[in-house]
Amino acid sequence: MNGQGFQDIGKRLPYSESDEYLDGLIERTTEGALRQRSASPVKRHWVLIASAAAALLVIGIGVKLLNHGSQSPTVTMQSSGPIDEFLNTLTDEEVAMLPYYEIEEIPEY
Amino acid sequence: MTTKTDDIALQQMLHDPTQRDEGFRKLMRQYGHALYWHIRRIVVGHDDAEDVMQETCVRILNSIGSYKGEGPLMMWIYRIATNEALQHLRRQTHLFQSIDSLSDALSSKLQAENPLDGNEVEMIFQQALLTLPTQQRIAFNMRYYDELSYEDISRITGKSVNTLKTNYHYATQRIKSYLKEHSSR
């Protein structure tokens, strides 16, 4: 059954690589694999360290940016003098109108 | 193909850290040609075959510890090479595309790499093989070119012997009809 009907074609392949070429290729790939294996533990170690350092850096920058972004631009005033008490009684519109008042119009305390 | 004794001696070398590199060289010298042609028949292009050959070598070397001598060494390295070649084909597909859909691309590659004075019948035969579903084509190649038994092909592909026999039968029918259709042109 094996190959039945294809005897006239045979088992040749339409490729032209010679045995000598393949010997060279096999030697190259074999030595390449051996080099890769012997180099890989150290190489992998450094790749891991570099990846971890890069990840930490990115996380650090990300956290910093997030913290910076979440900080409110408004400053909480923690004073409670008479001027502040007066300002607290004003509406936003009244505060907006303050620059148009004459100095005499502002009550004294 | 090596004898069982060769396999045992090789296996001992591969499991001995002081002899592993030399054992690996010996393994590749022994099976390298067969491995290259097996890969080449799957991926078709020479450059692809060279890439897969390199990946297979690395994989064999890194997996030597997991080979416990359950079967012949050749079957074990053929299995690794088959998986690497299939992975290589998968990388050439788009999302959700089957590797079977690569047959046109592989066929073009075959034509591009074939010397102009190449044997026409051999070419048509190769084109016929490329019309087979990939797994069927791989099994056919191992049976036809490497003359492996169905049991050995079963060890490599993980398919049952009966499935392989049926597939081989269908593959030969399909190739014959392709040859009949294209040789008479």
- Query: Only one residue in B:Gln92, B:Gln19 is within 14 Å of another protein chain (Cβ to nearest Cβ) and more than 14 Å from the chain's Cα centre (by Cα). Which one?
  - Reply: B:Gln19
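Can you find a residue in region B:114-124 that is away from chain A (no Cβ under 14 Å) and modelled with pLDDT under 95?
Taking region B:114-124 and keeping what is away from chain A (no Cβ under 14 Å), we get none.
Scanning region B:114-124, I find no residue that is away from chain A (no Cβ under 14 Å) and modelled with pLDDT under 95, so the answer is no.
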- Message: Looking at the structure I just gave you, is B:Met75 under 25 Å from B:Ser149 (Cα atoms), of a type outside the set (Lys, Arg) and within 12 Å of chain A (Cβ to nearest Cβ)?
- Response: no
- Of the residues B:Ser183, B:Ser149, B:Ser160, B:Ser177, which single one is modelled with pLDDT under 90, of a type outside the set (Val, Ile, Thr) and farther than 23 Å from B:Leu89 by Cα? B:Ser183
- Query: What's the number of the condition B:His46 fails, among (1) surrounded by fewer than 19 Cβ atoms within 10 Å (Cβ to Cβ); (2) in contact (Cβ under 8 Å) with a residue 12 or more places away in the chain; (3) within 20 Å of B:Pro72 (Cβ to Cβ); (4) facing chain A (nearest Cβ under 10 Å)?
  - Reply: (3)
- Note on the structure: If you go through A:Ile26, A:Ile106, A:Ile49, A:Ile9, the only one that is β-branched (Val, Ile, Thr), open to solvent by less than 100 Å² (accessible area, probe 1.4 Å) and modelled with pLDDT of 85 or more is A:Ile26
- Query: Given (1) more than 14 Å from every other protein chain (Cβ to nearest Cβ); (2) open to solvent by less than 30 Å² (accessible area, probe 1.4 Å); (3) of a type in the set (Gly, Ala, Ser), where does B:Gly158 come up short, assuming only one miss?
  - Reply: (2)
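Of the residues B:Gln30, B:Gln97, B:Gln87, which single one is more than 19 Å from the chain's Cα centre (by Cα) and either at negative phi or assigned to a helix (DSSP H, G or I) (or both)? Full working, then the answer.
On the way: B:Gln30 fails: more than 19 Å from the chain's Cα centre (by Cα); B:Gln87 fails: more than 19 Å from the chain's Cα centre (by Cα).
The match here is B:Gln97.
The values are calculated or read from the model by the stated rules, or taken from the named source; none is laboratory data. Computed from a prediction, not measured in an experiment: that's the story for all the values here. A quick note on method: Cβ atoms are made from the backbone with ideal geometry, for glycine too, and the neighbour counts reach across all protein chains shown. For the accessible areas, the whole protein counts, side chains as well, though only heavy atoms, and no ligand, DNA or RNA atoms are used. Shrake-Rupley method; radii C 1.70, N 1.55, O 1.52, S 1.80 Å.
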